[in-house]
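K.L.:
First the structure, then my questions, so here it is.
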Amino acid sequence: MALYIPLSRRRRNAVLVAIAAVIAGLVVGFIVGRSSATTASEAAHEVRVRGDELASHVAALTIEYEQAIGADQTAGGTDTIQGGVLDALDLIDSDLDALTRDAPWIGKSVADGLRAATASVRAAATSKVSSADFQAVVDRAAHTIRDTFGVDT
């Protein structure tokens, strides 16, 4: 036997179910959104880690530079300043640009200072300075990067 439900009650039930579904969707969406969102401290930590890695890549250029300088002196080596240092600096500059974009709190003048630090490494390599002088330039650049991104050494 079928029960007769008045049209007004059916509409009211449909509206109540729709409201309950919207509320449930909003609650679930809020919970999922909050759990998957990156917090400011997580973003800052990621930038610090990437800054430390970038500074380590800059510091490693001294090894490539010494090998390239040694290859120039023996004239039989395959390492070159272009291939070992300058090409690596191109990648470092690219990573540095991406890192400063991901760190909006880094202002233009600070970003320009970071670029100037890597440019000084490029100039030292191009000028074929002594290994000790190159090491000093690289150490200053790595320190500038670590200091800018708040890396504790």
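Only the coordinates and a few stated rules stand behind these numbers; no lab work does. Small disclaimer: the values here were computed from a predicted structure and weren't measured. All Cβ positions, even for glycine, are placed from backbone atoms using ideal geometry, and neighbour counts span all protein chains on display.
K.L.:
Shape verdict for the stretch 105-153, please, from the Cα gyration tensor: rounded (a/c under 1.5), prolate (a/b greater than b/c) or oblate. Numbers along the way, then the final one.
P.N.:
Numbers: a/c = 5.13, a/b = 1.67, b/c = 3.07.
Taking the square roots of the gyration eigenvalues as a ≥ b ≥ c, the stretch 105-153 is oblate.
K.L.:
What net charge do the residues around V58 carry, taking every other residue with its C-beta under 12 Å from that of V58, with Lys and Arg at +1 and Asp and Glu at -1?
P.N.:
That works out to -3.
K.L.:
Using each residue's phi in the stretch 19-29, evaluate 6.51 cos²θ - 1.76 cosθ + 1.60 at θ = phi - 60° and report the 3J(HN,Hα) Karplus result to the nearest Hz, with x for Gly and Pro.
P.N.:
In residue order, the calculated couplings are 5, 4, 5, 5, 5, 5, x, 5, 5, 5, x Hz.
K.L.:
OK, next. Quickly estimate the mean residue ellipticity at 222 nm for the chain, helices only: each DSSP H run with n ≥ 4 gives -39500 (n - 2.57), and the total goes over all residues, rounded to 500.
P.N.:
-26500 deg cm²/dmol
K.L.:
Something else about it: Please find the FRET efficiency linking D90 to A44, where r is the Cβ-Cβ separation and R0 is fixed at 35 Å, and quote it to the nearest 0.05.
P.N.:
According to the calculation, E is roughly 0.80.
K.L.:
Give, to the nearest whole percent, the P(r) tail of the chain beyond 24 angstrom, counting all Cα pairs.
P.N.:
Percent of Cα pairs beyond 24 Å in the chain: 54.
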